[in-house]
1. Among the residues of the range 126-145, is there at least one that is outside any loop (DSSP other than H, G, I, E, B), in contact with a Phe, Trp or Tyr (Cβ under 7 Å, 6 or more places away or on another chain) and either among the aromatic types (F, W, Y) or farther than 20 Å from A173 by Cα (or both)?
2. Could you run through the range 103-125 and say how many residues are assigned to a strand (DSSP E or B) and not hydrophobic (A, V, I, L, M, F, W, C)?
3. Can you report the number of residues in the range 33-54 which are in a loop (DSSP other than H, G, I, E, B) and either at positive phi or aliphatic (A, V, I, L, M) (or both)?
4. Output the residues belonging to the range 101-117 that are closer than 29 Å to G47 by Cβ and either in contact with a strand residue (DSSP E or B) (Cβ under 9 Å, 6 or more places away or on another chain) or among the aliphatic types (A, V, I, L, M) (or both).
5. List every residue pair whose Cβ atoms sit under 6 Å apart, with the two residues 6 or more apart in sequence or on different chains, where the first one lies in the range 30-52 and is exposed (fewer than 13 other Cβ atoms within 10 Å of the Cβ) and the second, anywhere, is in a helix (DSSP H, G or I).
6. Does the range 438-453 include one or more residues that are modelled with pLDDT of 90 or more, closer than 18 Å to K574 by Cβ, of a type in the set (A, V, I, L, M, F, W, C) and out of contact with any Pro (no Cβ under 7 Å at 6 or more places or on another chain)?
7. Count, please, the residues in the range 551-592 that happen to be surrounded by 13 or more Cβ atoms within 10 Å (Cβ to Cβ), β-branched (V, I, T) and either in contact with a Cys (Cβ under 6 Å, 6 or more places away or on another chain) or without any contact (Cβ under 8 Å) to a residue 60 or more places away in the chain (or both).
8. Which condition does M342 not pass, out of (1) closer than 16 Å to S253 by Cβ; (2) over 18 Å from the mean Cα position of the chain (by Cα); (3) at pLDDT 95 or above, if it passes all the others?
Amino acid sequence: MVSLSEQVEQRRAALEDRHRPWLPRTLPEMLDAVADAYPDRPFVITGQGSVSYEGLADWSTRIARGLVERGVGAGDRVALFLPNSAEMIAARFAVARAGAVAVPVSFRLHARELLTLLTQSQARALITMEQFREIDALAALDEITPGWHEPGGQRALPALRLVVTVPEAGMRARRPGTLTLTQLERDADTVADPTVPDPTVADPTVPDEILAARAAAARPDDIATIFYTSGTTGVPKGVLSTHEMELRSAYGSAYARAFEDGRVIAFALPLNHVFAYVEGLLASMFVAGAVVVQAVFDPVDSLEAIEKYQVGEALFVPTTSLAVIAAARQSEPDVSSLHSVMSAASSAPASLWEDLRTLLGVKQLVTAYGMTETSAATTFTLPGGPVDDLVHTVGYPKPGGVAGDPELGGRLVEYKAVDPVTGADVPAGQEGELAARGPIVSPGYFQQPAATAEVLLPGGWLRSGDLGYVREDGALVLTGRAKDLYKCGGELVMPAEVEEFLNRRPDVVQAFVVGLPDPRMGEVGGAWIVPADGAEIDPDEVIADCRAGLARFKVPAYVFTVTPGLLPLTVSGKVQKFRLAERAIAELGLDG
């Protein structure tokens with residue numbers, strides 16, 4: 001019998017043979033290459049059906065023709081205000097095919113938040129849902145830019161010249177006169193729909209050669225996407241990402257996780273963030289695999305999708321992993337196809353990994369670490385590696401295979417630790433702020449030079465804002481966020497240290513510690529605890545336990561309980577600690 005480690009090596013070797021030598025490409029060039037080789041393989045699977053590689057390539061081409069016809073130029077920003085869907089994915093490749101830059105934004109944004117991102121990105125075009133569940137996108141547009149659906153009507157966003165809507169499945173457009181995605185699509189050598197006038201286009205005809213020339217002019221090192229950061233600190237920034245960065249990172253992830261041919265990956269994580277986009281959508285293309293895309297997370301739906309579509313890998317964050325495990329205990333799902341789970345974005349206790357292994361039968365468990373600014377994951381634990389690595393590290397720098405950088409020893413990124421205040425290097429193995437450099441690291445933020453200067457160090461190193469160190473064996477160990485630190489009575493407290501102590505308790509699944517204002521001590525700790533199933537948390541007992549095992553200034557002054565579903569999360573599944581701090585301050589009446 002072939003061992004798991006041998007399987008990993010065999011799959012990696014097959015990937016190398018398949019993609020040697022590495023060819024820098026644009027996103028549509030990669031899609032077209034897979035579509036030429038595997039036209040009938042399913043690529044995108046949703047509740048409405050599946051779309052093949054050839055079908056997605058053709059669909060994105062029709063949308064791209066419509067964008068060019070409507071005046072979207074090379075380098076123009078096109079915002080995508082859509083939930084996970086086949087339309088979202090087709091539009092994403094269409095924007096790249098038109099030589100433009102995608103600006104995917106969370107469909108959960110409030111109207112004013114949407115206005116901020118449309119303004120910051122200077123979006124020329126917007127492709128938006130009409131309504132999804134309780135979210136009314138058209139009402140949001142009415143609020144922030146009245147007259148948006150009338151030619152020349154809106155004035156709040158001077159750069160915005162084109163709005164395209166995606167009606168709900170099976171429904172007609174809700175607003176008369178709006179241009180829908182279906183109406184935007186153009187076959188070769190067709191003319192614009194005369195019933196949908198666009199005064200910004202003098203000649204509505206666009207020969208197919210124009211689209212071909214636009215696509216040919218795009219280069220792999222051109223900006224493909226502006227990702228807005230997930231906001232653990234509450235301040236979004238537009239991260240610049242090139243075609244080459246995204247594809248190189250995706251290949252490295254497929255190589256690190258040892259993809260087999262045709263891997264099927266399921267996720268409900270949002271495609272407007274790098275996690276699902278790079279680790280799921282783009283990575284699957286390197287083995288002509290498929291993605292099972294869900295718009296919202298539901299643990300029962302996730303288990304049903306794994307069974308129905310014979311999913312091989314699921315992408316989770318710890319909170320969704322816990323929910324899936326709880327749902328699996330209540331049923332007997334057939335998840336025999338599931339051999340891999342990637343669960344990242346925050347730390348998880350050993351019990352969670354053991355449950356995934358024993359309850360769901362998953363053999364290849366990995367966690368990872370990365371940022372929007374580093375094109376998703378930059379480190380991975382070994383597939384099927386020891387649980388100790390999953391709990392105490394975030395893995396090793398991602399190997400790049402044929403896409404790796406020879407100057408980095410074949411890796412795609414390297415790390416070091418620097419002084420959080422001065423930015424100077426600290427001795428090897430010593431804790432500091434982690435900094436990264438490599439071919440998948442962003443050049444900075446869109447039209448935010450001050451923010452870019454804050455994170456870039458000489459030599460192309462990017463400050464992560466995360467505290468940690470590099471072990472002797474190369475594994476990365478995280479110890480906290482630089483901005484999470486607080487001072488209690490003049491002593492610096494690292495929340496991650498307190499969280500690790502609390503996570504050892506059998507009645508605690510996850511713990512999150514934040515600094516709260518205190519008139520005597522300056523700041524004190526507030527611990528938010530997710531209890532284990534059936535556990536009753538006694539705050540006084542937890543505080544007493546901390547007093548017995550931690551220095552006095554590290555002991556939380558307050559203990560709160562919270563269910564996983566009520567944790568404030570970013571779109572990538574990271575807990576927004578500043579929201580927990582705000583909630584604690586409000587509950588304690590410290591804001592008055």
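1. Yes, the range 126-145 has at least one match.
2. If we filter the range 103-125 for residues that are assigned to a strand (DSSP E or B), which is where we start, we get 103-105, 125.
After this cut, where a residue has to be not hydrophobic (A, V, I, L, M, F, W, C) as well, the list is 104.
Of the residues in the range 103-125, 1 are assigned to a strand (DSSP E or B) and not hydrophobic (A, V, I, L, M, F, W, C).
3. Adding up the residues that qualify gives 0.
4. A102, V103, P104, V105, S106, F107, R108, L109, A111, E113, L114, L117
5. none
6. no
7. Of the residues in the range 551-592, 4 are surrounded by 13 or more Cβ atoms within 10 Å (Cβ to Cβ), β-branched (V, I, T) and either in contact with a Cys (Cβ under 6 Å, 6 or more places away or on another chain) or without any contact (Cβ under 8 Å) to a residue 60 or more places away in the chain (or both).
8. Result: M342 passes all but (2).
The values are calculated or read from the model by the stated rules, or taken from the named source; none is laboratory data. Remember, it's a predicted structure, so these values are computed and weren't measured experimentally. All Cβ positions, even for glycine, are placed from backbone atoms using ideal geometry, and neighbour counts span all protein chains on display.
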